[in-house]
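The values are calculated or read from the model by the stated rules, or taken from the named source; none is laboratory data. Bear in mind the structure is a predicted one, so any value in this text is a computation, not a measurement. Positions of Cβ are generated from backbone atoms using ideal geometry, with glycine treated the same way; all protein chains shown enter the neighbour counts. These accessible areas exclude ligands, DNA and RNA; they are computed on the full protein's heavy atoms, side chains included. Shrake-Rupley method; radii C 1.70, N 1.55, O 1.52, S 1.80 Å.
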Amino acid sequence: MGAGCMRRALLLGWIPSSCTLLAGAAIGQEFVWQRTGEFLKPFVSGSQMHGPTAVIGDVNADGYDDVLTSVTSFDASVPVSWRELWLLSGRDGRTLRMAQRIANGWYTFQPVEAAGDVDRDGILDYAVGNAIGGTIEVRSGRDDRLLWEDRALPTTALAGNLDLDGDGKPDLVAHTSSPPYGIVRAFSSQDGSRLWLSDVSGAITASAVLAADRLVVPTGKGLTALDTMDGHVAWQFAAPYGSNAAPAIVGRRVYAAFRNLGVIGFDLRSGEEVFRRPLAPSGALLADGDLVVCGTEDGSLVRLDAETGRERWRKPLGAPPNMGPTLAAPGIVVAYTRDRYLRAFEAESGRERWKLRLPAVSGSESMAAAAGRVFLTDQAGWIRALDAASGRQLWHRNEGFLQMGGPCATKVAVICGSRGRITCRDADSGDFLWRIDAEAADNAAPAVAGGRLFVLYDRELRCYE
């Protein structure tokens, strides 16, 4: 996902041991700052859990985007948790301030998001949701005072600083994966007025995708597209087993995979079914320009015509894919299967360019590709770099730990991580560049802004340039 697409998806959460990089950022070149656990509230019998982190803009006007992170500390001996919000300088990681409140119950998941300059004081403000208490708050970036609050919806995801109604002012979208299921609500960030509420009639099962004036939401009942101006259901598609993967949008087309129906193309605005290709999809779709490719449960890789849905080619893989196909280089698609084979195909003809059986299975949900190279991790602790055109192994290194998440890469560096350790290597040679070892069970996906990389652990936030 490119940096420009950061506001185009509502993320339901993060996957432990995964590492996702927004392409186009320079990373890992210089260690800038770190924050360790000393700012967390200690307990004799208890622990701390990080919630989401958001880059909310330059709050202290020093020319660097600042970071808001949420922490829930709870004592195992009493049923109470402390919810804390920490605002950290994006320049050097120092604490700008902390706002703390006591919340009843146990772990309180609280998404945070940029809200724009709501009170028009020249300082950017922020939004905080609460999945248990059912509140959304917008607070001043200057002094944390409450600008407005809404108590109607348990909130598990926020997308902010969006102009939904075309009035030039920032708006906010919230949705929940908790009861009541399937509720999406939009607010004006300026005053908290409810722009619209929509019930998509089913539990939200994956990330919604925003394009033009449509928010396309996968649910347990199918696919629902909302009009971002007023939230009305622009169109719906019912599927017996719902949709459990995020749709892909390219131009005016929506592509979605359904377990019992196959791949269906829709017109983004009207929802008109453009084509339907019966097959049993496995893994995520690859959609890029006129390229639409998917794996199937019967062990095939299929390219579909982006306009008609007809099969342009179908190639046997020998086993079902372990993850969705990847565009490894212009004109080259790679697929990794459950029998440990990595295969590359020409996107135009489907001709197999090369195949390689790896010595260990990959447990990640994705591979990475950059500058004509493919990067893949496995459960034996190896990361490998392969030439996308020939399949020749360029280098491989063992990181010394298991359960590795999917790698992320730019043309100069590749990063992989697991259980609190993140390692960065030179993409050309595999030479070690730097490593983070944190006393943490997991690391969340990093956020990128202004050419800097922010990585959040259980008890640590670090920034790289």
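Here is how the numbers come out for the structure above:
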item: Single residue of D121, D75, D125, D117 found to be at pLDDT below 60 and of a type in the set (D, E, K, R); result: D75
item: Subset of the stretch 370-384 (residues that are crowded, with 17+ Cβ neighbours inside 10 Å, touching a Leu at 6+ places or on another chain (Cβ under 8 Å) and at pLDDT below 90); result: D378, G381
item: In the stretch 234-293, residue surrounded by the most Cβ atoms within 10 Å (Cβ to Cβ) [restricted to those that are out of contact with any Pro (no Cβ under 9 Å at 6 or more places or on another chain) and among the β-branched types (V, I, T)]; result: V292
item: Tabulated pairs, the stretch 348-368, first in contact (Cβ under 8 Å) with a residue 60 or more places away in the chain and over 19 Å from D387 (Cβ atoms), second of a type in the set (A, V, I, L, M, F, W, C) and open to solvent by 50 Å² or more (accessible area, probe 1.4 Å), C-beta under 8 angstrom, 6+ apart or interchain; result: E365/I15
item: Sole exception among (1) closer than 22 Å to S300 by Cα; (2) of a type outside the set (D, E, K, R); (3) at pLDDT below 85; (4) touching a Lys or Arg at 6+ places or on another chain (Cβ under 7 Å) for A344, by number; result: (3)
item: R392 at pLDDT 55 or above and either among the charged types (D, E, K, R) or out of contact with any strand residue (DSSP E or B) (no Cβ under 7 Å at 6 or more places or on another chain) (or both); result: yes
item: Tally, over the stretch 99-114, of residues that are within 11 Å of S70 (Cβ to Cβ), of a type in the set (A, V, I, L, M, F, W, C) and modelled with pLDDT of 70 or more; result: 1
item: Residue match in the stretch 417-430 (condition: modelled with pLDDT under 85, assigned to a strand (DSSP E or B) and touching an Asp or Glu at 6+ places or on another chain (Cβ under 7 Å)); result: yes
item: Criterion (modelled with pLDDT of 75 or more and among the β-branched types (V, I, T)) met by exactly one of V80, V138; result: V138
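Residues checked against (1) surrounded by fewer than 14 Cβ atoms within 10 Å (Cβ to Cβ); (2) of a type in the set (D, E, K, R); (3) out of contact with any Asp or Glu (no Cβ under 9 Å at 6 or more places or on another chain):
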residue	(1), (2), (3)
G318	yes, no, no
T326	no, no, yes
P330	yes, no, yes
Y336	no, no, yes
R343	no, yes, no
G350	no, no, yes
R353	no, yes, no
A360	yes, no, no
